[in-house]
Amino acid sequence: MVRSARPQRVFCSFLRSITSCVLSLMLLACSQKSSLTSIEPPPSPPPPVKKEEKPATPQRIRVGSNVQAAYQGPAAQWVGQGAALSDAQIAELQQALAKNPEDVCARAYLIAFGRDYVQDITDHKVWMIAHHPEWDGFLTAYFSGASRPEDRERFEQAWRKHIGPDQQNAHVLHHAAVFFKLHEPELAEALLERAIRAGTDTPLHLEGLGQLYGWAARRRRENAAFADYARSKLIAATDPFVLAGASFEIGAHNGKAMYGGELGAALRARIRELRISELPRLPSHFTEYDQFKCPFMPRLRAR
């Protein structure tokens, strides 16, 4: 009996050891689980910072009680229809020039809107050509043209001083071309090609070349050789800005854009041949080509 009791005690001791180990493992697992659940999740990221929206740039500028139409492209500020400057405004601008002859905006307003009320208008034009041939107003033939031969001779002498081989300003070359196209279209073409090669605002000068070709092609009675040459250049043109300039020039003088008679039809065929779905907007209609930023001045002369 004594021998059989000892194995039982050994077995019971072994069983208690196993039970103790299992309980210890269970307690350890429970403690680890509770520690994991006690860890708080990381805080959520802050909401993204909302950028303050800037107000849209107004398309119309209010001046006093009047609203100025949206400005469209270089020279548009100087080619306005309607009333001219009043006598008081003209006197004010002339006084400003007496104090500061370099006041380009004052002189530009006298040239553009003084009209027949400014006696020395030709002197103002010659001064502007001599000192600021890059003025945007010279993009239009209106300010370079002259009704009197002696005035035209003065303008021509002033412009020829700016077209020498050292001239690198593309805008000056372009403005000179606008003047010379009336009587020397071959020279105007050469000046525009130089402006294009200068590499500054190239689309604007390509448009000008197209306008020159379109303008000349419609004037065969005046210069048949250059008219035929200009037409051949347009029919073979590949640049969209040249085609856009010519199409606008032809359309502008025929009532409807892109409908310039037989030449307009030939241009449309060329555009289809090049698979150009839509011609680009004219660079001259964009303000990015402005050379001068002058404040708006209403014309107060009573009609």
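Each reported figure results from applying straightforward, stated rules to the coordinates on display, with no laboratory input. Note that the structure is a prediction, hence the values are computed from the model and not measured. Methodologically, a virtual Cβ is constructed for each residue, glycine included, from the backbone with ideal geometry; neighbour enumeration extends over all protein chains shown.
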- Note on the structure: Scoring only Lys, Arg, Asp and Glu (+1, +1, -1, -1) among other residues with Cβ under 15 Å from the Cβ of Glu189 yields -1
- Order by neighbour count: Lys233, Lys161, fewest other Cβ atoms within 10 Å first, most last. Lys161, Lys233
- Task: Using a/c under 1.5 as the rounded threshold, could you call region 87-222 rounded, prolate or oblate? The axes a ≥ b ≥ c are square roots of the C-alpha gyration tensor eigenvalues, and prolate needs a/b larger than b/c, oblate otherwise.
- Result: prolate
- Query: Under a point-charge model restricted to the Cβ atoms of Lys and Arg (+1) and Asp and Glu (-1), what is the dipole moment magnitude of region 122-200 relative to its Cα centre, in debye to the nearest 20?
  - Reply: 40
- Task: Please label the shape of region 176-227 as rounded, prolate or oblate, based on the square roots a ≥ b ≥ c of the eigenvalues of the alpha-carbon gyration tensor (a/c under 1.5 means rounded; beyond that, a/b larger than b/c means prolate, else oblate).
- Result: prolate
- Summing +1 for each Lys or Arg and -1 for each Asp or Glu, what net charge is found among the other residues whose Cβ lies under 12 Å from the Cβ of Asp123? +1
- How would you rank 104-110, 262-268, 144-150, 130-136, highest first, on the average number of other Cβ atoms within 10 Å across their residues? 104-110, 130-136, 262-268, 144-150
- Can you tell me the dipole magnitude for region 149-253 around its Cα centre, using point charges on the Cβ only (Lys, Arg +1; Asp, Glu -1), in Debye to the nearest 20? 200
- Starting with the highest mean, order 111-124, 165-178 by the number of other Cβ atoms within 10 Å, averaged over the residues of each peptide. 165-178, 111-124
- Tell me which aspartates and glutamates have Cα within less than 17 Å of Lys161's Cα, excluding those fewer than 8 residues away on the same chain? Asp123, Glu134, Asp151, Glu153, Glu184
